[in-house]
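The next block holds one structure in the form of structure tokens; read it before the comments.
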């Protein structure tokens with residue numbers, strides 16, 4: 001399952017929204033990590049299948065992504081030469 005993480009605020013992974021497709025029907029799903037932590041699962045609005053999510057692993061991965069993004073320089077200079 002591929003998932004996309006969207007940065008909402010810089011306050012941590014709980015404020016991030018994860019977007020992915022239902023593994024059964026392909027319906028687009030989105031939920032904040034904070035909401036997922038409350039229940040650890042969600043139900044697809046397309047087909048009704050229950051989806052369990054390892055929220056600790058997801059939050060740790062999101063924190064690592066945020067930390068890596070903070071290291072990206074605001075500008076990158078490219079110089080051409082012959």
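The values are calculated or read from the model by the stated rules, or taken from the named source; none is laboratory data. Every value quoted in this text rests on a predicted model; they were computed, and no experiment measured them. Cβ sites come from the backbone with ideal geometry, for glycine too, and all protein chains shown count toward neighbours.
Is one or more of the residues making up the stretch 32-42 touching a strand residue (DSSP E or B) at 6+ places or on another chain (Cβ under 9 Å), assigned to a strand (DSSP E or B), at negative phi and surrounded by 13 or more Cβ atoms within 10 Å (Cβ to Cβ)?
yes
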Step by step: first the residues of the stretch 48-61, then only those that are loosely packed, with under 12 Cβ neighbours inside 10 Å and over 13 Å from residue 13 (Cβ atoms), then the one that is modelled with the lowest pLDDT. Which residue is that? 54
Scan (1) at pLDDT 85 or above; (2) exposed (fewer than 11 other Cβ atoms within 10 Å of the Cβ) for the single condition residue 64 breaks and write down its number. (2)
Among (1) at pLDDT 90 or above; (2) under 11 Å from the mean Cα position of the chain (by Cα), the one test that residue 4 misses: (1)
Taking into account only those residues within the stretch 11-31 that are assigned to a loop (DSSP other than H, G, I, E, B) and in contact with a helix residue (DSSP H, G or I) (Cβ under 8 Å, 6 or more places away or on another chain), which is modelled with the lowest pLDDT? 12
